[in-house]
Every structure is written in C-alpha cells, then in structure tokens.
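Please treat every number below as a calculation from the coordinates, not as lab data. Bear in mind the structure is a predicted one, so any value in this text is a computation, not a measurement. Here the Cβ positions follow ideal geometry from the backbone for every residue, glycine too, while neighbour counts run over all protein chains shown.
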Amino acid sequence: MISAYDYDLATGTVSNKRLFAEIKGLGGVPDGATVDAEGNLWSAIAGGGKIVCFKPDGSIARTVEVPVPIITSVMFGGDNLDVMYATSIGEKILGMEPGAEGGSLFAIKGLDVKGKPEPRFAG
C-alpha cells in the first residue's frame, strides 16, 4: 500500500497516517514516485514491471508497462517536463531477476502529461 500523511512545513513533522492507494494485484511493491502537474502520483512498481499513475483520490488512472521487472524510480524531465525518466535495477535482488535491459534508464515519451518542477534540496 501507499500511505499519505499530513506534513507540517514549519516543524517538519508528519501525522495522520492513512491509506492513499492499494497496490494488491499490481505484481510488486511501490518504489520511487513523483507528482505530475495535475496532482496525480506516479509510482514505480518494483517487481511488477510497470509504472502506475494514481489520481488524487488513490484510484488508478493508468498503467505504463516497462520492459524490465524491477523498475525503481520515476521523474519528469526534458525542456517541457513531458518526458518521464525511469530507472531500473540491473542485478538479482530479493529473488527477482533484472531482465535483459535491467540497470537501464528509460525515457518514456508521448504520455501527454507534464511534471512539476522539483525543488532543489538545500541542507
């Protein structure tokens, strides 16, 4: 499952844990995620060979199949933030084989969606 929390920007504390999305039946576990300009959450489903777009209410909007089973993270990029980049694992992990193209970076075009600019981390 994917959980949601309330976040207090002033203190950095989280509270009010609740279910955001159920991923049973997707064939893997949620891993890296990003949010698009429309407020949808895109999550890599590691072990499931797919990226899933969840609407703000947690329901599935769409699924994008990828050519590797262990997809690990997603991020929008490109000049218009309209290319989704996805990473994958290139070695056997937790009993899962990476597939022939494991360890690759994929550029997924034509999704007809844009990402949001990500803030830079300053520590």
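The charge dipole of the range 1-68, taken about its Cα centre with unit charges on the Cβ atoms of Lys, Arg (+1), Asp and Glu (-1) only, comes to about 200 debye.
Charged side chains reduced to their Cβ positions (Lys and Arg at +1, Asp and Glu at -1) give the chain a dipole of some 180 debye around its Cα centre.
Using θ = phi - 60° in the Karplus curve 6.51 cos²θ - 1.76 cosθ + 1.60, the 3J(HN,Hα) couplings for the range 21-31 round to 8, 9, 10, 4, x, 8, x, x, 10, x, 10 Hz; x is entered for Gly and Pro. If you take all other residues with their beta carbon under 15 Å from the beta carbon of residue 117, and give Lys and Arg +1 and Asp and Glu -1, the sum is -2. Each distinct pair of alpha carbons in the range 1-62 adds a 1/r term; the inverse of their mean, the Kirkwood radius, is 12.4 Å. Look at the alpha carbon pairs under 8 Å that are at least 6 residues apart: their mean separation over the length of the chain gives a relative contact order of 17 percent. Counting Lys and Arg as +1 and Asp and Glu as -1, what is the net charge of the other residues whose Cβ lies under 15 Å from the Cβ of residue 19? So the environment of residue 19 carries a net charge of +1. For the chain, the percent of C-alpha pairs falling in each 10 Å distance bin, counted from 0 to the bin holding the largest distance, reads 13, 40, 34, 12, 0.
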